[in-house]
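A.B. asks: Sharing a structure below in C-alpha cells format, with a few things to ask.
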Amino acid sequence: MDNVPVVVVGAGPVGMMAALELAHHGVECVLAEQNAGPTLHPKMEFTNPRTMEHHARLGLADDIRKAGVPAGYPFDVLWSTGLDQDGERLAVWHQPSVEQKWQEIRERNDGSQPSQPYQRISQADLEPVLLDHCRRHPLIDVRHHWRFDSLQQDADGVTSTFQDLTNGTPRTVRSQYIVGCDGAGSAVRQAVGIPLSGGGIADGEGGGIRDLPVVFSVTFRTTDTERLFRHGYFWHHFTNRYVLISLDEAGTWSFHALHQSDFDPPPADPAAWIRSLLNVDLDIEKILVTSRWKPQYLIADSFRSGRVLLAGDSAHQMFPAGSHGMNTGAGDAVDLGWKLAALVNGYGGPTLLDSYEIERRPVGLRNMAMSRQHLDVHFEHMRLRGEGGPLAPLGEFLSAQPGENTYEGIYLDYRYAGSPIVCADGTSEPESDQLRYVPSTWPGSRPPSVLLADGSQLFDHFGPEFTLLDLAGDGRADALLTAAADRGLPVRHVVIREDRVRELWECDLALLRPDQHVAWRGERVPADPVEIVDRVRGAANENTTPLAAEERSSQGHR
C-alpha cells in the first residue's frame, strides 16, 4: 500500500492545479487519472485574469502563454444570421488582445487592473503544459491509467482503491485526505453520497428556457479563413443555429450545432455536415474529434464529507458561456490546496477545512448565475430571430450587451465574506461591479494589484505562504510577526513605502493568505495578536468573537 499525504483523483486542469498548489507548499500527492494522457477535446479556451494570477504565482504563466494564442490576437466576438452569402452581420463585441491588456495594466496602474491579463488557450493545449510541470515536480506522483474504484475513511485518513488499467492490478493508497477532481460524473462524489442540485439556476430563474439544449461539437482543421471571415475576423462567431470558435489562430476550430434536429442521427461525414449547415464550401482539412454533450447547471449540496473534498466539475457544473467552469474550478483548487497543505504541514487548525465550502460554494453559485445571465442573451437572440422581425433591433440588442469575457468584477472581485478564517473589521462591504474590479482590501477580498516604482508587480513580492504587507515600516508589525512565529504560522514580512500603494490599500498593515486574499488589515496590531493568528490558520476558539469594537475603531477604516 502506498502512503501519501493527499490523493488527487482526476488530472484535468483542476486536478493538476490542485497537485501543483500542494507541491508549491511542500506537500506530496498522488495524482491519479484513468485516461492515458491529456484530453483531445478543446473544451474550455479562455483562462481568466484571476486564474492567470494563480498560474503566475505557481510559475506556470509564461509556459501557458507560449502554448496559447499569441498575445497580439484580439478577442472579438461576432454575431450574424449565418456565414453563407445571404447572412448578415448583426453585432461585434470587441475585446483587447493580451498585448493591449498588458499596456492598459502599465498605463492605468490604479489598482483596478489584474496583475496578469487573460489568455486564450484551449484545454487540449493547456493540459500538456500543466502535465509537464506535474511530471517534473518531485512531490507529484502522476499515475495515468489509474481508475478510482472506492474509498473508506476513518478518523485518521482515507484508504482509496484503484484499478491499474494497464494490467488490471488493484492498487491501494492510504492518505490523510482525498480530493475529487474527477469531473461531472465524479466517482469520488458518488462514493461519499453527496447529491447535486440546481442551485435555483437549472429552473430558469429570472426567465429564459428551462431545458438546456443538447450540443453536438466537432473540432477540425482548416486554413480557409477567407470563407470563415466573410463578415470579419472573430474569436467566437454566434448564430442562432451554430457557434464557430477559433481555438489557436493556427487552423484549429470547433463547431457547435445548437439544434438537436441537425444531428439526430449523428452525421456520418462531419465535414460534409458542417459545410451543409454553414451553406459554405469550406475547405476542411481534417476532423480531429466529435462529441455530443448536454450542459447542466448543478452544484454539490456539500463540497466535503470528512476527509473527502470536491473541486471543479465534481462540485459544480455550468454552461460554458463566460468561461466560468474551469476558472471556478481553478479557484477551488487553490483555496483547497493551501488549506490542505497547512494541515499537513502542521500549522492549520480544525476550522480550516470548514472554511473551504463556506468560501467556495457561494462563488460557484455566483458564477453559475453569471453563466445563466450570459446564456439568456443567446436565448433572447434566438427568440427575436424566431419572430422574424427586422434585424436592426436585434443588432441593437446584441450591441448593447457586454462581451461575455469582459466581466473583470466577476473574475477578480469574489469576496470571502463570513469566512471563519477571515478577520472581519466591522466595516461595511464596499461597492462591487460585475464588469470592473473595484479596488479594496476589505477582509476576504483579493486586494489591489499595482506596479511599484521599480516596475515590479506588488503581487510578485508576496510569499508562498502568508504575507504581512507593511506599508509603514516603523516596527508596529513586530508583535504580529512574533505571534505568528510562536504559533508556527509561516509569514513573509514585506515592507513597501510608496504613497500610491498606501492610498490604494487604505491601511498600514495587511495580512495576506497564500491565495492572496486579505485575512486581516489594520493600522496597528491589536492587543492580542494571537487571536488574529489563530483565526487565520483555522484554530480560533469556537467562542472567539470578531475584533472588539474599540480595536476596530482604532484601526481607522472608513
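The values are calculated or read from the model by the stated rules, or taken from the named source; none is laboratory data. Computed from a predicted model, the values in this text were never measured in an experiment. Neighbour counts run over all protein chains shown; Cβ positions are idealised from the backbone, glycine included.
A.B. asks: Evaluate the range 337-359: report whether one residue or more is closer than 24 Å to Ala91 by Cβ, touching a residue at least 12 places away in the same chain (Cβ under 8 Å) and of a type in the set (Ser, Thr, Tyr).
C.D. replies: No, there is no match, as no residue in the range 337-359 is closer than 24 Å to Ala91 by Cβ, touching a residue at least 12 places away in the same chain (Cβ under 8 Å) and of a type in the set (Ser, Thr, Tyr).
A.B. asks: When the range 176-191 is examined, which residues are found to be of a type in the set (Ser, Thr, Tyr) and in a loop (DSSP other than H, G, I, E, B)?
C.D. replies: Hit for the range 176-191 is Ser186, nothing else.
A.B. asks: I'd like to check which strands (runs of 3 or more DSSP E) are fully inside the range 203-316 and have at least 1 residues that are crowded, with 20+ Cβ neighbours inside 10 Å.
C.D. replies: Counting at least 1 such residues, we get 215-221, 236-238, 242-246, 252-257, 298-300, 308-310.
A.B. asks: Give the residue, chosen from Ala477, Ala453, that is outside the structural domain of Gly349 (by TED's automatic domain parsing), surrounded by fewer than 18 Cβ atoms within 10 Å (Cβ to Cβ) and of a type outside the set (Val, Ile, Thr).
C.D. replies: Ala453
A.B. asks: For residues in the range 341-357 being part of a helix (DSSP H, G or I) and more than 17 Å from the chain's Cα centre (by Cα), which is nearest to Gly322 (Cα to Cα)?
C.D. replies: The qualifying residue nearest to Gly322 (Cα to Cα) is Ser355.
A.B. asks: Inside the range 420-472, can you point out the residues that are among the hydrophobic types (A, V, I, L, M, F, W, C), over 25 Å from Glu357 (Cβ atoms) and in a loop (DSSP other than H, G, I, E, B)?
C.D. replies: Selection gives Leu435, Val438, Val450, Leu452, Ala453, Phe462, Leu471, Ala472.
A.B. asks: Ok, one more. Step by step: first the residues of the range 401-424, then only those that are farther than 20 Å from Asp515 by Cα and more than 16 Å from the chain's Cα centre (by Cα), then the one that is surrounded by the fewest Cβ atoms within 10 Å (Cβ to Cβ). Which residue is that?
C.D. replies: Pro402
A.B. asks: Failed condition for Pro393, given (1) surrounded by fewer than 19 Cβ atoms within 10 Å (Cβ to Cβ); (2) assigned to a helix (DSSP H, G or I); (3) touching a strand residue (DSSP E or B) at 6+ places or on another chain (Cβ under 6 Å), with all others met?
C.D. replies: Going through (1) surrounded by fewer than 19 Cβ atoms within 10 Å (Cβ to Cβ); (2) assigned to a helix (DSSP H, G or I); (3) touching a strand residue (DSSP E or B) at 6+ places or on another chain (Cβ under 6 Å) one by one, Pro393 breaks only (3).
A.B. asks: Please state which one of Gly349, Gly395 is in the same structural domain as Cys29 (by TED's automatic domain parsing) and at pLDDT 95 or above.
C.D. replies: After applying the criteria, what remains is Gly349.
A.B. asks: For the range 114-123, check the following and say yes or no: at least one residue is touching a helix residue (DSSP H, G or I) at 6+ places or on another chain (Cβ under 8 Å), more than 30 Å from Leu451 (Cβ to Cβ) and not acidic (Asp, Glu).
C.D. replies: Yes, the range 114-123 contains at least one residue that is touching a helix residue (DSSP H, G or I) at 6+ places or on another chain (Cβ under 8 Å), more than 30 Å from Leu451 (Cβ to Cβ) and not acidic (Asp, Glu).
A.B. asks: From Arg372, Arg366, which residue is closer than 25 Å to Pro402 by Cα, of a type in the set (D, E, K, R) and at pLDDT 95 or above?
C.D. replies: Just a single option satisfies the conditions, and that option is Arg366.
A.B. asks: Same structure again: Would you point out which residue out of Gly538, Gly522, Gly556 is farther than 22 Å from Lys339 by Cβ, at pLDDT 95 or above, of a type in the set (Gly, Ala, Ser) and in contact with an Asp or Glu (Cβ under 8 Å, 6 or more places away or on another chain)?
C.D. replies: Gly522
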